[in-house]
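Each remark here refers to the structure printed beneath this line.
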Amino acid sequence: MAEEIFVSPKKRGRIAVFLSGRGSNFRAIHAAIQAGRINAGISLVFSNIEAAPGLQTAREEGLETLYLNPKLYASREEYDKAAVREVRKRDVDLVCLAGYMRILSPYFCREFKNRCMNIHPALLPSFPGLHVQQKAIDWGVRFSGATVHFVAEEVDMGPIILQAMVPVLQDDTEETLAARILVEEHKIYPRSVQLFFEGRIEVRGRRVFIRET
C-alpha cells in the first residue's frame, strides 16, 4: 500500500482559531498576518468559553467570533459536529488551536486531518498533557521548549511541524519556565502557519518535511 502524502496548499487561505482563554498565540498569528508574513486571513475566532478574553480581543480587531455552549450538546462529538459545521460554512483551510482547553473528538480530528494545528509547551513526544512545565522541572531535564504539531486522535501525538528549545534553569518555577517557553511559542506558531500557506509542508505518515522554496 502506497504511503499517504499530504502537501499543504500554496494559496491565500482562511483560518479558524479556537481558544478558551486570552489567546496570546492567536494574537501572534494575527500580528504575523497583519505584517504580511502569512498569506491568509482569520475567518473565525471560536470559543467554548463565553467570557474568553481572546474573543473580546478578536472583536476589537474586527474579526468574526462565535461561542457555542458545550452544555447544550449531548456529547463531545455532537459539540464538535456543530463546530465543524460552522468552520465549513466559512471555507476554512486551517484550524489553529490557541489555548483551546477541550480535547477534540476523533470525528473532528478526521475531518481536519493535517489541517488542524496545535501548540504544546514541551518538546513532544516528551510530556504530553497538562502542567508540562512542572513535569519538566520535576524530571530534571536540562532543556524543554515548544512544539507545533498537527492534531491527531491521540492527544499531543500528531506529526511535529516545528520545535523550539529553551534551557531549564535550576531555579526555575513552573511560571518562569512557562514564560520563557511562551516567547518561543509566539515565534514558531506563526512560522508554521506561514509554511502551511506557502505550500511547503509535506506530511508522510507521522513525519513532516519542510519543502524548499
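Given the condition under 17 Å from GLY99 (Cβ atoms), among the hydrophobic types (A, V, I, L, M, F, W, C) and not in a loop (DSSP other than H, G, I, E, B), answer yes or no: does some residue in segment 195-209 qualify?
Taking every residue of segment 195-209 in turn, none turns out to be under 17 Å from GLY99 (Cβ atoms), among the hydrophobic types (A, V, I, L, M, F, W, C) and not in a loop (DSSP other than H, G, I, E, B).
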* Structure fact -> Within segment 28-62, residues in contact with a helix residue (DSSP H, G or I) (Cβ under 7 Å, 6 or more places away or on another chain), open to solvent by 10 Å² or more (accessible area, probe 1.4 Å) and closer than 19 Å to ASP93 by Cα come out as ALA28, ARG37, ASN39, GLY41, ILE42
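Specify the residue that is farthest from GLU198 (Cα to Cα); the eligible residues are those in segment 150-159 that are out of contact with any Ser or Thr (no Cβ under 9 Å at 6 or more places or on another chain) and touching a residue at least 24 places away in the same chain (Cβ under 8 Å). Step through it out loud before you land on a result.
Looking only at segment 150-159, we keep the residues that are out of contact with any Ser or Thr (no Cβ under 9 Å at 6 or more places or on another chain), and these are 150-152, 154-155, 157-159.
Imposing the further condition that a residue be touching a residue at least 24 places away in the same chain (Cβ under 8 Å) reduces the set to 150-152, 155, 157-159.
Details: PHE150: 17, VAL151: 20, ALA152: 22, VAL155: 27, MET157: 24, GLY158: 21, PRO159: 18 Å.
Residue satisfying both the conditions and the ranking: VAL155.
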* To do: Select from segment 99-141 the residues that are touching a residue at least 12 places away in the same chain (Cβ under 8 Å) and among the charged types (D, E, K, R) and write down the one among them that is farthest from GLU86 (Cα to Cα).
  => LYS135
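So, in segment 181-211, of the ones that are among the acidic types (Asp, Glu) and touching a Lys or Arg at 6+ places or on another chain (Cβ under 8 Å), which residue ends up surrounded by the most Cβ atoms within 10 Å (Cβ to Cβ)?
Within segment 181-211, the first condition is being among the acidic types (Asp, Glu), and the residues that meet it are 184-185, 198, 202.
Next, only the ones that are touching a Lys or Arg at 6+ places or on another chain (Cβ under 8 Å) stay: 198, 202.
Numbers: GLU198: 17, GLU202: 15.
Looking at the filtered set, the residue picked out is GLU198.
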* For residues that are touching a residue at least 12 places away in the same chain (Cβ under 8 Å), in a helix (DSSP H, G or I) and either touching a strand residue (DSSP E or B) at 6+ places or on another chain (Cβ under 6 Å) or open to solvent by 70 Å² or more (accessible area, probe 1.4 Å) (or both), tally how many sit in segment 63-79. => 2
* Asked: Between a first residue in segment 198-212 that is under 15 Å from GLY158 (Cβ atoms) and at pLDDT 95 or above and a second residue that is of a type in the set (D, E, K, R) and surrounded by fewer than 13 Cβ atoms within 10 Å (Cβ to Cβ), which pairs have beta carbons less than 8 Å apart while being 6 or more apart in sequence or on different chains?
  -> ARG204/GLU3; ARG204/GLU4
* To do: Taking GLU86 as the residue in question, decide whether it is open to solvent by less than 50 Å² (accessible area, probe 1.4 Å) and acidic (Asp, Glu).
  => yes
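The values are calculated or read from the model by the stated rules, or taken from the named source; none is laboratory data. Bear in mind that the values here come from a model prediction, so they are computed numbers and not experimental data. Here the Cβ is made from the backbone with ideal geometry for all residues, glycine too, and neighbour counts use every protein chain on show. Please note that ligands, DNA and RNA were not included when accessible areas were found on the heavy atoms of the full protein model with its side chains. Shrake-Rupley method; radii C 1.70, N 1.55, O 1.52, S 1.80 Å.
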